[in-house]
1. Measuring from a point 7 Å past the Cα of Lys206 along Cα-to-C-beta, which residues in region 99-140 have an amide N at less than 19 Å?
2. Which semi-axes, in whole Å and largest first, does the equivalent ellipsoid of the chain have when worked out from the alpha carbon gyration tensor as the square roots of 5 times its eigenvalues?
3. Setting aside same-chain residues fewer than 8 positions from Lys192, which lysines have a Cα under 24 Å from its Cα?
4. Can you give me the relative contact order of the chain as a percent, contacts being Cα pairs under 8 Å and 6 or more apart?
5. Taking the beta-carbon count within 10 Å as an exposure proxy, list Leu367, Leu520 from fewest neighbours to most.
6. About the Cα centre of region 162-272, how large is the charge dipole given +1 on each Lys and Arg Cβ and -1 on each Asp and Glu Cβ? Please answer in debye to the nearest 20.
7. State the extension gain, in nm to one decimal, for the chain segment bounded by Met389 and His510, taking 0.36 nm per residue of separation less the distance between their alpha-carbons.
8. Once Lys and Arg get +1 and Asp and Glu get -1 on their Cβ, which of Gln266, Ala177, Ser188 lies farthest toward the positive end of the dipole of region 162-272?
Amino acid sequence: MEIQEQLKQAIQQAISALFDTTVDDVALQPTKKEFEGLYTFVTFPLTKALRKSPIEIGQAIGTYLLENTSVVSRFNVVQGFLNLSIADAVWISVLNDIAGTPDFGQLPAKGQSVMVEFSSPNTNKPLHLGHLRNNFLGDAVSRILKASGYDVVKTCIVNDRGIHICKSMRAYQLFSADASGHRETPESSGIKGDHLIGKYYVLFDKAYKAQIDELVAQGMPKEEAEKKAPLMLEVQEMLRKWEQGDPETVALWRQLNEWVYAGFDQTYQKIGVSFDKTYYESNTYVLGKEVVEEGLQKGVFYRKDDSSVWINLTEEGLDQKLVLRSDGTSVYMTQDLGTTDLKYEDFHNDRQIWVVGNEQDYHFAVLFAILRRLGRPYANGLYHLSYGMVDLPSGKMKSREGTVVDADDLIQEMYDTAEQRTRDLGKIEDFDSTEAQRLYHMLGMGALKYFLLKVDPKKRMLFNPEESVDFQGNTGPFIQYTHARIRSVLRKAEQTGLKPAGNVATVDLHPTEQQLVYLLSQFPQRIAEAANDYAPSYLGQYAYELAKAYNQFYAEVSILSEPDPVKTQLRVTVSAMVAETIRKAMQLLGIDVPEKM
């Protein structure tokens, strides 16, 4: 039984025995740091019924607990607050339970499935810093939900069609050939495929803006010039050809996309992200038309005089929303209606989660409202995990202007920074070249992921690469270094014949040992809370608290030179459990931890 539950039952027994009354719900709260104790019971609410002062009630209950239970070792009363310290024997029992549970932290199966859709890249540019926050959030939430007992399916939808894709295609047609007519390829240029196509997206924007400026100089209003610029008319024609299946246009589209996918795969491998199924907009964008027809028949949608199809969502506090253009072509909402149906047909998940930036909040509110109106059986299990944008000290990013922070470049920068910091601190003694490179990647990715995940997803954030790789403070490398430190202690212990025990004898505990066992006991609860709120930041904070508490323990007590062998055995066991729990907590964030540094 959890310590809190033991305490609650003991307090209920005390109130019944002392005051001949019952209390159905005993609420405990953490003791304030300035007072001794772990849990606090507030006695003020009992004063009226018991006709005694809060201090009298606290003293009586505290004394009863000391004399009649084995849970409490000490107590103090501050006004109406009964602060309770937990007996060492209870902590030892908790530690033995943890040590004897190999899958500690894995919650029981819930018999429910969840789909998490994330990443959602466009095939006209490489992944950037914003995509990294998206990928790390989606991957971490998937891992946390799985640890919380759900069956999890990870999906990605690739935006591989549309006017923005045609922009890169048209620019490639116009600008990729050299003097001899040979077109640039990833192989000929030595440029990764997604970077190569992103280059042409930027070239298109520059050429398009030049045409707009020229038309404006000739006296055309800017808004009209944006529509009538030759390049815009050309990409619109290209999109029509693609939708009609023109062989030459489709062949170019396939070739450029293949290069981009190969580039994406390399990036996904670097960041340790994978998907169970990938959907492509080119295969799903027409699916929603059947849903629109169904909605018209049900009276959910209505058709305007120009033949466009709409829905009125003012009752839901939203607006009127277009779901099919007057020429019969799809909008994003049409596609999402069809794709959501398709995903449910494929997997029949109890819940579907979309990890998408907060600029799409309204879109998802509308999508979910429409699906409820249509009576979809899955409609109440839909959730938009909205997150804030990522800024850099240099400002906001814009893809078409080529000012984004490219994911691959940032990953390399993190690797280089981790290497420099590690060398400066002299933490790679006895490492061969392969081990050192693996460590730099582990530290660089750990710094990057942790920095982006430790913040509440809803908050807009400023990413500082230098700060993220610091070995001190609330950073990934600090936690990773703490794990390596503990593993070093355990290796030294093993050399003396000491291994973690599955059953530790009762012994007096140092306050730092009590704190560590308490934090260890919180791990399953923290996983459940992170899963309920879709908040990886909870586990980031937990891993940091645990690492910080271990470093305090390491500084205040002796481990291997402790003369009492029972205490040494306890401390080795605690160390092993802390290392394993840090590893598991960081793994749920998609972060590896080193065995040595």
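1. Counting backbone N atoms under 19 Å from the label point, the list is 124-126.
2. 55, 33, 19
3. Qualifying lysines at Cα under 24 Å: Lys125, Lys167, Lys206, Lys270, Lys277, Lys398, Lys449.
4. 15
5. On the way: Leu367 21, Leu520 24.
The most exposed by this proxy come first: Leu367, Leu520.
6. 160
7. 39.1 nm
8. Gln266
Readers should treat all values here as calculations from the given coordinates under stated rules, not as data from a laboratory. Because the structure is a prediction, the values reported are computed rather than measured. Backbone-built Cβ (ideal geometry, glycine too); neighbour counts: all protein chains shown.
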